[in-house]
Amino acid sequence: MHSPIMNKLLHPHCFLPLLLSAATLSAQALHEVKPAKGPDPIKGMHDASPLSASEQARLRTPRRPHASGPVAERILGEAAGVRADRLLFDEPGDGHVWALAATYKASFGIDGFTYIPFLGSDAPRNYPVQFVLRAVRVGGRQVPVQANAPAVRSGSRVTFDRGAVHEVYDLSPTHAEQTFVVDTEQPGDVEVDIEIVSDLREVAGGPGLRLGNALGSVDYGTAYLVDGSVKTPIASALSGRTIRLHVDAAKRGVGTVVIDPIISTTATNWAASSAATDPDIAYDATTDRYLVVQELLFSSTDSDVVCEMRDGNGGPVAASLGVIDATPRSNQRPRVANLSAADRFLVVTQEFNPQAAPGQQSQIVGRVVEAQSPFRVGLQFQVSDPLSFGDKFAPDIGGDPSTSGTTYWTVVYTRALNDSDWDIHGRQVDANGTPRPATILIDNTGGTIFTSPQISLSNAHGSATAARWLVVYSFRFTGTDWDVYGASLDQDGNIARVSGPIDTAVSNDLYPFVSSPSLDWTNDNPVFMVTYERQSPQAMMATVVSAQLVRIVPPTDLSTRYGFGPFWCRPESDGCRFAVTHGHGAATNEAIEVATLAVADGAGGARFVLHEASQPLARTTPPFTVIRAATPMLASKHSGGGVHADYCVAFVNRDVAPEALYVTSYEGRTPGAGTLVRATGCDGLGLGVTGRPFLGETMRFALTNFGTDLYGELLGLPGPSLPLCGAGCAFGLALDGPVVNAPNNRLLTVQIPCSLNVVGARIAVQGYSFGSGSCLSLFRFSDTIDVTIR
C-alpha cells in the first residue's frame with residue numbers, strides 16, 4: 001500500500017508531458033539556432049544587458065564562494081598526498097612526460113627539458129626555464145648531437161638518446177639531477193653548451209649558477225665530473241644565455257665522460273605554497289573505492305589537477321596518487337563521476353589556452369581513471385565539441401550506477417556565445433572515453449545568461465523505472481536577482497523535461513546544487529533535492545522536485561527551520577534520504593556540518609524531516625575535534641551502485657598547516673543502536689546477522705549448528721523472554737503480535753524498504769530446531785536478535 005506522499009508522486013496528473021528531445025544539430029550551427037527568451041509570467045522581462053567584466057571573471061572561474069556574495073574567494077591548501085616527499089609523473093598523450101613535485105614541475109619532449117619552479121600560488125604567472133643542449137665538443141672537435149630525440153621514462157629517470165651523448169634526468173621530490181654522458185675515446189677537453197630560454201635573469205651569489213627574480217630562483221648547482229664514486233668539481237659559466245660546462249683533459253680518464261649538476265628551486269615566500277581547492281568525489285561499488293580530485297594553484301595563471309583513490313571508509317589507497325593535468329595550461333574546476341558497469345571514473349576540467357582564437361580559449365577536457373588496480377589514468381581528450389563556437393567552462397558530470405548494458409557519462413557546462421548570451425550545453429561520453437557526436441542543448445535560448453550548471457551524480461539507472469539526471473543552473477534575471485532553473489535528461493542524453501524554473505522568487509539565489517535521485521518504494525519516480533544560497537537575508541534554501549520539475553517539497557528556509565548555515569550548501573542522496581552540508585561562522589572561524597533529512601507527508605503537504613541533527617566535520621584521526629573547513633563535496637555509495645546510508649565528504653581542512661584535503665565518512669540515518677542480541681538460546685543453536693538496519697538495506701539472519709535436526713526461523717516483534725524449559729531456553733518474540741514461520745530456512749533475508757513509515761520500527765528474529773534438543777527432549781532455540789530500523 002502506498003503512503004500518501006508516494007501516491008502523490010505516482011499520480012499521473014503530477015507529471016508534465018515530455019516536450020522535447022535533444023536536438024541533433026551540426027556543431028557549426030549551434031550558435032545560429034537560438035530561440036528567443038520570452039517574459040517571465042511573474043516577473044516580466046529579464047534584464048538583457050551584457051555581463052560586466054567583474055561578473056564574467058567571477059562566473060568563468062567559480063571558487064565555491066560562501067555567503068560573502070558574488071565575490072569569489074580563493075581557498076589555499078595542500079593537496080592530499082602531494083607532499084614534499086612525493087613525485088608524480090604523467091604522460092597525457094601530448095608527446096611529453098610531465099613530472100609534478102612540491103617545489104617544481106618539469107616537462108620532457110622533443111623540445112627538450114623544461115623546468116618550472118614553484119614560486120608560490122600567488123605568483124603572477126609561471127617562469128619556466130628551458131634547457132636546450134646545443135653543442136658538445138671533445139678536444140675542440142664537434143660531437144654529433146641528435147636533435148628532436150624522444151623522451152623515454154623508466155621509473156624516476158628520463159633519458160634522451162642523442163647518439164654519442166645521452167642526456168639523463170634523475171628526478172626526486174626536491175630536485176632534478178641533470179647528467180650528460182659523453183661516450184668517446186677521443187682525448188682532450190670536453191665542453192657542453194646548454195642554451196637557456198627563460199625570462200629569469202642571472203642572480204649573483206651562491207655556488208653554481210642561479211636564475212631568478214623577486215619571487216625566487218632556479219638554482220643550477222655545481223657541476224661535477226663523475227667517475228664511479230668520485231665526484232670532481234668542474235668549471236661552469238653563464239655567458240649570455242648559454243651555460244658552458246668544461247672538463248679539463250687532465251681531469252678526465254679514458255672513455256665515457258659523465259657530467260652531473262643538480263637543478264632545484266629557492267623561493268623567497270612560501271607562505272602561499274601548495275594551494276589546493278575545489279575537490280570533488282565519486283564512488284565505484286565493485287572496488288568499494290572513491291576517487292577524489294582537486295585543483296592545485298601552481299601560479300595565478302596555471303592550475304594543475306591531481307587525483308587519489310580512497311577506500312570505502314575514506315582511507316588512502318596505496319600507489320593511487322595520479323595526475324590529471326600538470327601542463328602549463330590552466331585546468332580548473334575538476335569534477336568526477338563513475339560508470340559502475342565499466343568500473344571507471346571520468347574526470348573533467350575546464351582548460352584555458354590563451355594561445356587559442358577568441359571563443360575557443362576555454363574548452364572542457366577529460367581523462368578516464370580505472371577504479372581497478374593497477375591504478376591507471378587514460379589519455380586526455382576534448383569533451384566539448386571543438387567546432388562549436390564559444391568558450392566552454394564550469395563543467396559538472398553525472399555517472400550511471402547500472403551494472404549492465406550501455407551506459408554513458410553526461411557532462412554539462414556553460415557555453416558563452418557572447419557577453420549577453422550564455423547557454424547550458426552538455427555532451428555524453430562512453431566508457432572508452434569517446435564523446436558522442438551530438439551536443440545536448442539544455443538551454444540554448446537567445447539573449448539570456450544561464451550558467452554554473454550542476455548535474456546529479458547519479459541517474460538511478462538500474463533501480464528506477466525511468467532513469468533521469470537532473471541538471472540545475474543559475475539564470476540572471478537581473479544583476480541582483482538570480483533564479484534557479486533546471487531540466488532533466490534520460491540515460492541516453494535526451495531531454496526529458498525542458499528547461500524551466502525551480503525557484504523564481506524576487507531574491508538573489510545563487511550556487512544551486514542537486515543531489516542524486518531518491519526513489520519511492522515502487523522505484524519509478526526519481527526525486528531530487530536542490531539547494532541554493534539566498535543572499536538577503538542569508539539562508540540555506542532547499543526544495544525537492546521530480547524529474548519533471550514538479551515540486552514535491554516547496555522551497556524551505558533550512559537556516560530558519562533547523563539552524564543550518566547559509567553557505568557551503570551541498571545535497572546528496574543515498575536513494576532513500578538526503579545528506580546535506582552547510583557552513584556557518586566568520587571566514588576566520590568557519591565550520592562545516594553535515595545532517596540527514598527525509599521527506600514526509602503532512603497536513604500541509606510534503607515537508608522535510610530531520611533524521612540526524614547536524615554533525616560537525618571532525619578530524620579523521622584522534623583527537624576527533626571540530627575543525628575549520630571549506631569547499632565540501634559529498635558522494636553517496638548508492639550513487640555508484642553501492643549500499644544505502646554511507647557517504648564520504650571531501651573538504652579542505654583549514655586547521656592544519658599547510659591546509660590540506662581531508663576525506664571523512666558519514667552515515668546518514670537516525671542515531672541510535674540498530675541490533676541487540678538477547679540470550680534466549682540453548683544447546684548451542686546459533687543465529688548470526690549481517691547487514692545494517694537502515695532504510696533500503698538488506699539484513700540476513702543465518703542459522704548455524706543445527707546438525708541433522710529439522711530447523712527454521714521465526715520473524716516477529718520483540719517480546720519479553722518467555723522461559724520454555726530449563727537450560728536457558730526462552731521464546732523471544734511477542735506472542736500477541738504477528739509471527740512469521742520460515743521452516744527449512746537457514747538464511748532469512750529481510751529487505752528494509754525506503755519508507756519513512758518503518759523508521760523506528762522494531763522486529764525480532766529467532767531460530768529453532770527439533771530432533772536432538774533438550775527442551776522437551778526435542779527442541780533447541782537460538783538467541784533472539786532485536787532490530788530497530790534506523
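Observations, loosely collected:
- Carbon/sulfur fraction of accessible area - the stretch 113-195, other protein chains in place, 1.4 Å, %: 48 percent
- Farthest toward positive dipole pole in the chain [+1 Lys/Arg, -1 Asp/Glu at C-beta], among His461, Ser518, Ser636: Ser518
- Per residue solvent-accessible surface (Å²) - the chain, probe of 1.4 Å: 37 Å²
- All other residues whose Cβ lies under 14 angstrom from that of Gly188 are scored, Lys and Arg at +1 and Asp and Glu at -1, for a net of 0.
- Charge dipole (the stretch 181-314, unit charges on Cβ, about Cα centre) - positive-most of Val190, Gly205, Thr256: Gly205
- In a DSSP loop and with at most 16 other Cβ atoms within 10 Å, the trypsin sites (Lys or Arg not before Pro) in the stretch 674-748 are Arg746.
- Mean sequence separation of contacting Cα pairs (under 8 Å, at least six apart), scaled by the length of the stretch 236-366, corresponds to a relative contact order of 16 percent.
- Integer Hz, Karplus 6.51/-1.76/1.60 couplings in order for the stretch 671-686, x for Gly and Pro: x, x, 6, x, 10, 9, 9, 9, 7, 10, x, 8, 6, x, 5, x
- Taking every DSSP helix (H) stretch of at least 4 residues in the chain, weighting each as -39,500 (n - 2.57) and dividing the sum by the residue count yields a mean residue ellipticity at 222 nm of -500 deg cm²/dmol.
- For Lys37, nonlocal amide neighbours, meaning residues 5 or more places apart or on other chains whose placed amide H falls under 5 Å from its own, are Gly446.
- Rolling a 1.4 Å probe over the protein heavy atoms of the stretch 522-564, with every protein chain left in place, gives an accessible area that is 43 percent carbon and sulfur.
- Whole-Hz ³J(HN,Hα) from phi, Karplus 6.51 cos²θ - 1.76 cosθ + 1.60, for the stretch 770-782, glycine and proline x: 9, x, 9, x, 8, 6, 6, 6, 8, 9, 10, 10, 8
- Global geometry of the stretch 620-772, whether rounded, prolate or oblate, following the gyration tensor of its Cα atoms and the 1.5 cut on a/c: prolate
- The stretch 432-564, dipole about Cα centre (Lys/Arg Cβ +1, Asp/Glu Cβ -1), debye to the nearest 20: 80 debye
- Longest DSSP-loop-exposure-free segment, GluC sites (Glu not before Pro), the chain, at most 14 other Cβ within 10 Å: 186-790
- About its Cα centre, the dipole of the stretch 465-523 is roughly 80 debye, where the only charges are +1 on Lys and Arg Cβ and -1 on Asp and Glu Cβ.
- Non-local lysine pairs in the chain, meaning eight or more places apart or on different chains, with alpha-carbon distances under 28 Å, amount to 7.
- Debye, to nearest 20: dipole size of the chain, +1 on Lys, Arg Cβ, -1 on Asp, Glu Cβ: 580 debye
The values are calculated or read from the model by the stated rules, or taken from the named source; none is laboratory data. Quantities reported herein were computed from a predicted structural model and do not represent experimental measurements. Glycine gets a Cβ as well: all are built from the backbone with ideal geometry, and neighbour counts include every protein chain shown. Only protein heavy atoms, including side chains, enter the accessible area calculation; ligands, DNA and RNA are left aside. Shrake-Rupley method; radii C 1.70, N 1.55, O 1.52, S 1.80 Å.
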